Amino acid sequence: MFPYVFSTLKRRGLVVLTVAGLALLGHNAVAAPAAAAGQPTVEQMQSVLQRQSSLLDAHLAAMKAGLQLTDAQAQKWPPFEAAIREAAAARSARWLSAGERMRGAAAPTALERISIMADHLEKNAQELRRVVEAGQPLFDSLTDPQKVAFGPLMREFRPKKRL
C-alpha cells in the first residue's frame, strides 16, 4: 500500500509543484517591471493574491484527496480547511496593508522594521495555533498511514525561505 500511496502523493505533489512553478514564473514576469519602478502596483499585488488563492484551493484539494479521508474523517475536514483559509486571508490582508503603508510613508527605521517583523511573527503564531487547534480532531482521527502522509502534505504550507 505504501508504494502506491507515495507514488500517488508524488504525482499529486508534482502537479502542485508544477502549478506553483508556473505561477511563480508568471509572478516574476509581472513583478519585474514594478521592481524596477520600486514597488508593485495595487493591481499587481491583487493579481499575486488571486494566484495564491488559486494555488491554495488546488493544494487543499490535493491534500484532501491524498489523505483519502473516510466519511467520518471528512466531517472533521471543514474546520481545518477554514482555519487554513482564514490564516491565508489574514496574511494576504497584512501583505496588502504593508504595500499601502510603504507607498504612503517614508521608509521605516531599523527599529520600526524590527517592531513590524515582531508584530508579523506574533500574528503568524496566533494563526498557526488556530490551524493546530482546528486540525487536531482531524489528525487524531487519521490512521497511521494517513498520519505519515499528512506531514509531507502540510509542508506546502510552511513559509518559504527568502534569498
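Arrange R51, R85 by Cβ neighbour counts within 10 Å, fewest through most, would you?
Working: R51 18, R85 15.
By the 10 Å Cβ count, ascending: R85, R51.
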Points 7 angstrom from Cα along the Cβ direction at R129 and A98: gap in nanometres? 2.1
Based on other C-beta atoms within 10 Å, arrange M63, M154 from fewest to most. M154, M63
Spin-label point model (7 Å from Cα, Cβ direction): what's the H120 to T41 distance in nm? 2.4
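Each reported figure results from applying straightforward, stated rules to the coordinates on display, with no laboratory input. Here the structure is a predicted model, which means the values were calculated and not measured. Virtual Cβ from ideal backbone geometry, glycine too; neighbours counted across all protein chains shown.
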